[in-house]
Structure formats: C-alpha cells, structure tokens
Amino acid sequence: MGFPDSVTVVEVGPRDGFQRETTFIPTEIKIEIINALFNTGIGQMEVTSFISPKAIPQMADASEVVSAIERRREGLRLIALVPNPKGAENAVRSEVDEIRIFVSASESHNLSNVNRSIEESLMGFQEVMRIVAGHEVAVNADIAVAFGCPFEGNVPSEQVRWIAGQLLALGAEGITVCDTTGMATPPIVRRVCECLLTAYPELDLGLHFHNTRGIGLVNIYEALNLGLTTFESSIAGLGGCPFAPGATGNVCTEDLVYLLHELGIQTGIDLRALIKVAKRMEEVIGRPLPGQLMKAGLRLDLHPFNKEVRK
C-alpha cells in the first residue's frame, strides 16, 4: 500500500464537537480541554466559531477562548470557523492563525445551514477576503455535504469541483471536503478526491468525515491509499452538524490516531495522553461518548492472567 509517512490530524472537537451541546460548557473548561489537546502533540485545531450567539449559543465566548489559549509550542495553529464578514472581523481581531469559510455542495443544505444560496455565500466571501487582506491570517474553505446531501441525495463530483474552483479563485489557500452527515463510502471518496485532484493537482486537500454509518475510518483508509495526508477529527467522537438531520459524531481523534500508528504512519501525537483527554471530555459532557479506544485501551495493553484452573 502506498501510505504516506506522516499525516496531519486537525482537531475539531472544541468547535464541531461543542457546538451541538445544548448545555453551555463553561469557558474555563473549554480552555482546559484545548490546552490539554495541544499538549498531546496536536498542532492544528478548530478552537471555536465566530458565529452569532443567537445561532449557536455555545460559541458566545469565542473571543475569550482564543485569548486564553496557552501557546506552549512553536507552530501551533489556531483555527476559527467564520460564517460571514462580521465573524471574520472578530476572528482577525482575536488574532487566530487561520479562518475557515464554509459553503455546502448542495443548495438545500446551504439554505438549511446559513439561509443563503450557494451563489450568495460565494459572493459574501469576497467581503471576508477583503477584511482578511493585510493580516497574517490564512483562509481555508470547507465544502459541506461534499459526499452526499440528506435532502438531495448524491452530489455530483463536478459540483464539488466547481465550488472548489470558485473558492480557490477567491483566494482560499486550501479546501476541506466534509462528509457532514456520514454519507460517504470508499467509492464516493475516491471519485470526489480524484475529481478534485485531477482538476487542481497542487490542491491542499483535507478531509472531514463523520462516523454516522460506522465507516468513517474505512473512508479515511481509502483516502490514505490516495496519498492524502490531512484529516479532521473530534476528540472522543463528539459532534455533528446541528442543521443536518441524522448527523452524529465526527470520526474520533484517538481512534483515528490509533489506526494511523498501527499503519506505521507518524502523527507526532502522544496517544496515551490523547486517551486521557478523551476520558476527561466524557466527564465534561456527562454522558458516554462514541470513542472506542478510550474504553478498550491499546492493542497490547495486556491484562493479568489468572493461573488458577477453573474446575
């Protein structure tokens, strides 16, 4: 298999994971979790979203969270999702390293998500790019429901390719294609990724999978076979789009890192430290979370053998 030697894991739990929780998570707890995740060796993280508190009350403390994060290592990348120019202004003011703009691959989901057509969203990003110009803030773009829409079904790869082209023309430095409701399968992953990479061979392409139908890691395995090296995931498997029917948690970070390490792929992440953060996340949320590794332990975590012969 032509697996890459190393992979970048982008943690999205503090944004994509927390945003669906209806009980407000105290700001100091969010900061604790973010700092602990960075201390495992994770280098890039979606730490919040600069969105209206009326839309997602959980993100009302975005500025406070960003300002309090400990940057103990060089090269840490703080990422924030922004839906509009106002969000971009707040993100730039907070001095994040990267902002994410986002648009859906289907009209129905874009209307459900942001109450705009795809064209309206793309036009709005022109103002976002103007705001960011002159600041040391990278801009990357997410394409939601790129592998299937819960309202429209299959999404043509050519539609995803066209939207990616529009985003790149606006100035996006990279594209992340998102499986927002877990509709991706390995053949669809290959078809969409090959379509994008054929059209844009130098594209910085990331992938964001949910485990809604239990094959999130299988889809990542397929993407690894294509040589892709950037994957987003959520600690303990927390998360899910609040505007998409049936969307459950993201691919679990510690389960993903376990798979990568077992394949001999380097991540720079301390897996045991990551498991500790996952268990802490479960305490914070107050219910069992989908992550499997934090329950079972590593493959070679052995147990005492009882030598007594049962009669």
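The values are calculated or read from the model by the stated rules, or taken from the named source; none is laboratory data. Being a predicted model, the structure only gives us computed values, none of them experimental. Here the Cβ positions follow ideal geometry from the backbone for every residue, glycine too, while neighbour counts run over all protein chains shown.
Summary of computed values
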{"read-out": "Qualifying residue in the range 198-208 (condition: touching a strand residue (DSSP E or B) at 6+ places or on another chain (Cβ under 8 Å), modelled with pLDDT under 95, crowded, with 21+ Cβ neighbours inside 10 Å and within 17 Å of ARG15 (Cβ to Cβ))", "value": "no"}
{"read-out": "Set SER63, SER104: member being in contact with a Leu (Cβ under 9 Å, 6 or more places away or on another chain) and either modelled with pLDDT of 95 or more or of a type in the set (Val, Ile, Thr) (or both)", "value": "SER104"}
{"read-out": "Residue check for GLN266: touching a strand residue (DSSP E or B) at 6+ places or on another chain (Cβ under 8 Å), surrounded by fewer than 22 Cβ atoms within 10 Å (Cβ to Cβ), on the phi < 0 side of the Ramachandran plot and in contact (Cβ under 8 Å) with a residue 60 or more places away in the chain", "value": "yes"}
{"read-out": "Some residue of the range 39-49 being part of a helix (DSSP H, G or I), of a type in the set (D, E, K, R), under 26 Å from VAL257 (Cα atoms) and touching a residue at least 12 places away in the same chain (Cβ under 8 Å)", "value": "no"}
{"read-out": "Meets criteria (more than 18 Å from CYS195 (Cβ to Cβ) and surrounded by 14 or more Cβ atoms within 10 Å (Cβ to Cβ)) for SER112", "value": "yes"}
{"read-out": "Single match in ILE175, ILE188, ILE163, ILE235 (criterion: crowded, with 16+ Cβ neighbours inside 10 Å, in contact with a Phe, Trp or Tyr (Cβ under 7 Å, 6 or more places away or on another chain) and not aromatic (Phe, Trp, Tyr))", "value": "ILE188"}
{"read-out": "Near pairs, Cβ below 8 angstrom, 6+ apart or cross-chain, from the range 8-35 (more than 26 Å from GLY174 (Cα to Cα) and at pLDDT below 95) to any residue that is in a helix (DSSP H, G or I) and of a type in the set (A, V, I, L, M)", "value": "GLU21/ILE285"}
{"read-out": "From the options THR180, THR176, residue that is touching a Leu at 6+ places or on another chain (Cβ under 9 Å) and of a type outside the set (Gly, Ala, Ser)", "value": "THR176"}
